[in-house]
Every structure is written in C-alpha cells, then in structure tokens.
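The values are calculated or read from the model by the stated rules, or taken from the named source; none is laboratory data. The structure presented is a predicted model; accordingly, all values stated were derived computationally and were not measured. Cβ: placed from backbone, ideal geometry, glycine included. Neighbour counts: every protein chain shown. Calculation scope for accessible area: heavy atoms of the full protein, side chains included, ligands and nucleic acids excluded. Shrake-Rupley method; radii C 1.70, N 1.55, O 1.52, S 1.80 Å.
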Amino acid sequence: MTDRRVVFVVFDGFQPLDLTGPHEVFHSAGGYDCVVLAARAGPVVSESGLLVHAGHGVADLDPAGTDTLVVAGGQGVDRARQDEALVVWIAAAAAGARRVASVCSGVFLLAAAGLLDGRRVTTHWGREEQLTREHPEVRVDCDPIFVRDGRVWTSAGVTAGMDLALALVEDDLGRDVAHAVARRLVLFLRRPGGQSQFSVALWSRQPATDPVRAAVSAIHAEPGARHDIAHLAARAGLSPRHLQRRFTAELGVPPAAYVERVRVEAAQRALTEGDEPVEAIARRYGFATAETLRRTFHRRFGVAPSDYRARFRSTAHPAGVRTEPDAHPVPE
C-alpha cells in the first residue's frame, strides 16, 4: 500500500512542537509520507528561533496529493493567514484530503480558508476569545484537548498535537500500533480528547507553605480517602479553621472544592482507561455511591458517568466525534 501523505503546514513564527511532535508520531507509526510545506521552500524560522527546512512551497507541491493536512500554530499565524497563496493552497488541499487537522492556533488558518463554518473546534485556551470574536460562524470549545467534527480535527496547544496525532494513527492503524508509538516515544496514550486543558496542575495555584503542601499531597496520594477538614487539618498540623483559611488563600479554592475536583479527575481517568463498574469507581474515589458520582458528573459535564465513558474511552472517538457522515463537507 502506498504511504499516506501527511502535509504539515508551517510559517515564520510557528510553534516548533506543533510540527515536531505530530511529525514524530506519524513517522514512528510507519505507513506515512511526511512532508513539510511553507509559503516557499527553504528555511522557516520558528517562534523560538529554531530553523526548520520546508521541503516544499505552495508553488511546487500539488495539493491534490494530500491525505492528511496538519496546520501548525504559533505567534506568526496572524501574519500567515494574510498570505493569500498559502490560504488558497490550504483550501485546495483540504478539498481533496481525507481529513484536515490543526494544532493550537493553526485553527485560524483553517478558518481563513473557509473550512470551519458551523463546526465545533478547539484551540489553546489563550486564543479562545480571539477565535470566538473573529469567527462567529465557528463553535469554539476550549475545554477539550482535541475535538473531531466530521473530518476536521482541531487540538489545543503544543503537546496536545501529539495526542491528536496518536488519535489519527489509531484511527488509521488501530490501537495496538498507537500503543506501540506511545511506548516508543514515552507518551501518555490514554489522554482522551475530552480531557480538559485545565488539569489540576493548571487550574490550581501551588501551595506556598509546608502545612498546606502536606494536605494537598494527602489528597493526591489517595483521592478516595477521608479528606474532610478535620482529617486534612490533622495532616497539616493546623486547626481546621486555620487550614481552611490558609488553604483557600494559597490555592484559590477551599479544601472541599479542591478535593471534589481531584476526585472527579481521578474518576474521569478510570472511566476512560478501563472497564471497572461505575459503582466501584464511585466508591474508590470517595463518592460513596454511584448516584453521588452521577450527580457530580451531571453538574460538571452535563452527562452521566456511563455516557462520559462511552464518548471518551478511546482516542479514536474523542470529544466532538460524529458517527453519522460528515455534516459539513470541506468545500471544493
């Protein structure tokens, strides 16, 4: 079988990992012809100063030969989307491509090419307001790390591009190959598209003092253990009232809210990574009953745990996947 051609679009000021991360995933999987394209063939300067050689320019590569189009993001995207020749080439390649993808702010180039009308997309959370303001025709959801809408795939920033590429490889070659690539590259394969861009490390400030740090460590070490204020205060060596005040001041959320979010994230991982019954997951992560877990998921995500599992348990079926035929064909 002829290798599938994956064309990576870059420009001056692109984010290097938006290219190199997905490129390594496809290359490691085998069966792909990876091509780097820019407005003109030759050296392209990334936003960090790293020079990358684009083997092709828009004048010398036939867009009709593209199987998968991957558009990088980066600080230079605002200038790149003013390059009419580059935008026209992207639109032409997308017209015949089996699928189209963007990493981070590369979504702005897809939008400039007219490929996103009515679609649900994501990008780096820092670009959410700009994308929503400039493209009201697009449904922007910047919580997931990647989204699939028909044959258009979009991802959040930087490392999320590797999660997206693994999902594309799994879609093509199966779960075993995707697992093998993840092991080779020492990646966390089971980060589903529906996982929030805002994990614990991002939505919470870090503790500034040892007592609060001890309480936080206890929560993460065993999310399902008893973590009421009295038990956490004992771990911290403070009175409950003192811990409540210092915890909230240092982390920006009260202890109870922090505990719930850590437990929810642990339950999310369990639901997408295995087949353990919902009742068992609820007990293991401190929700006491499946009904408590169900109410918490409905409040946070608008779906039941079982529905969350069905939607997000495979990288091949991330957030936004549609089982029906593509409702928004890429325009020719």
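Before moving on, here are some points about what is shown:
- With a simple spin-label model that places each label point 7 Å from the Cα along the Cα-to-Cβ direction, the separation between R269 and D3 comes to 3.6 nm.
- Taking a ≥ b ≥ c as the square roots of the eigenvalues of the alpha-carbon gyration tensor, the range 17-117 is classed rounded because a/c is under 1.5.
- Portion, in percent, of the accessible area of the range 40-128 that falls on carbon or sulfur, probe 1.4 Å: 54
- Solvent exposure of the chain amounts to 44 Å² per residue of accessible area, where only protein heavy atoms count and the probe is 1.4 Å.
- Centre separation in Å (Cα based) which lies between the range 142-187 and the range 67-129: 17
- Here the gap between A64 and R235, fully extended at 0.36 nm per residue and compared with their Cα-Cα distance, gives a gain of 55.3 nm.
- Among 98-108, 18-28, 167-177, sorting by the average number of other beta carbon atoms lying within 10 angstrom of each residue, highest first, gives 98-108, 18-28, 167-177.
- Gain upon complete extension [D33, D143; 0.36 nm per residue less C-alpha separation]: 36.4 nm
- Using a Förster distance of 30 Å, the FRET efficiency for Q206-A304 (Cβ separation, nearest 0.05): 0.35
- Counting only DSSP H runs of at least 4 residues, each contributing -39500 (n - 2.57), and dividing by the residue count of the chain, the helix-based mean residue ellipticity at 222 nm comes to -13500 deg cm²/dmol.
- Pairwise FRET efficiency - E134 versus L51, Cβ, R0 = 35 Å, nearest 0.05: 0.70
- Principal axis dimensions, the chain - Cα atoms, whole angstrom, descending: 70, 40, 39
- Long hydrophobic helices in the chain: the complete DSSP H runs spanning 18 Å or more by Cα along their own axis with mean Kyte-Doolittle hydropathy of at least 1.6 are 84-96.
- Global form of the range 6-56, assessed from the alpha-carbon gyration tensor, a/c cut-off 1.5: oblate
- If the segment from D228 to E291 were pulled out straight at 0.36 nm per residue, it would be longer than the present Cα-Cα gap by 20.7 nm.
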